[in-house]
Amino acid sequence: AIRIQADDTTLFATAGWDDEENISQLPNNDEEDEEAKQKRLELQKKQEEEWKKKQDTSRAVMLEMLGDLPSADIQAPENVLFVCKLNPLTNDEDLELIFSRFDRNAKAEIIRDPDTGASLQYAFVEFSTKESCNEAYLKMNNSLVDDRRIRVDFSQSVAKVWDRYHKRYRNELGGGVDRGFLDGGNSGRGR
C-alpha cells in the first residue's frame, strides 16, 4: 500500500482516508459505558466539523485559483437574502416595500438581463442587521408575492465584494481594462 503524506494545505478531498493512529477499534456496545460512548460521539462530531472546515477551505482555495473568488477568505454577507421565482412584473420598489416590515432600510435589487432590461425573476434583498434578515427568511420563504410563490434563502453570492475587488484591481493597473476586454467589457453590445 502506498501512503501519501498530506498537510493542511492539500487541495484534494481525502474522504475516507485516515491515518492509522486515528482509526480506533470501536468496543462492543455491551462493553462500552455511557460516558465513554458520549466522549466517542463528541470526538467524532469534532473530527467531522474539522474535516468540513478543511473541505470548505480547500474549495475556496480552488475557486481562488480558478479566478472565481478574489480571495479564499471571502465570506458571503450574512445580512442578504436571495429571492427567486419572482413575477416578471415585480419591481425593486415592490420588494423593498414587502421586506421593509422586517427592516426599514431593506434594499432590494432585482437582477435584470443586461441587454433587454427584463427581469430574470430573482433578486437580492439586503438588510441592516443579521437578525432582521433571519426573521425575513423565516416568514417570507414560500409566501405569495404578485401571485407567485417565492423562494427565499440566504445569499451565497460574493458579487459585490468581487466588484469592489475588480474596481481596486483596475485602479491599481491604471484603469480601462475590465476582465480582459479592451473595450471595457462592452464587446458585442449596442450594435
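The values are calculated or read from the model by the stated rules, or taken from the named source; none is laboratory data. No experiment lies behind these values; they were computed from the predicted model shown. Cβ sites come from the backbone with ideal geometry, for glycine too, and all protein chains shown count toward neighbours. Surface accessibility is based on the protein's heavy atoms, side chains included, excluding ligands, DNA and RNA. Shrake-Rupley method; radii C 1.70, N 1.55, O 1.52, S 1.80 Å.
Kindly establish whether residue 131 is under 26 Å from residue 63 (Cα atoms) and free of Cβ contacts under 8 Å to residues at least 60 places away in the same chain.
No.
Considering only residues that are open to solvent by 40 Å² or more (accessible area, probe 1.4 Å) and modelled with pLDDT under 90, look in region 75-95 and name the one that is nearest to residue 133 (Cα to Cα).
Among those residues, the one meeting the criterion is 78.
Would you pick out the residues in region 105-122 that are part of a strand (DSSP E or B) and either open to solvent by 70 Å² or more (accessible area, probe 1.4 Å) or under 18 Å from residue 80 (Cβ atoms) (or both)? Quick ask: steps written out before the conclusion?
So in region 105-122, the residues part of a strand (DSSP E or B) come out as 107-112, 119-122.
Matches in region 105-122: 107, 108, 109, 110, 111, 112, 120, 121, 122.
If you take the residues in region 125-155 that are outside any strand (DSSP E or B), acidic (Asp, Glu) and more than 15 Å from residue 103 (Cβ to Cβ), which one is least open to solvent (accessible area, probe 1.4 Å)?
So, considering only residues that are outside any strand (DSSP E or B), acidic (Asp, Glu) and more than 15 Å from residue 103 (Cβ to Cβ), the one least open to solvent (accessible area, probe 1.4 Å) is 146.
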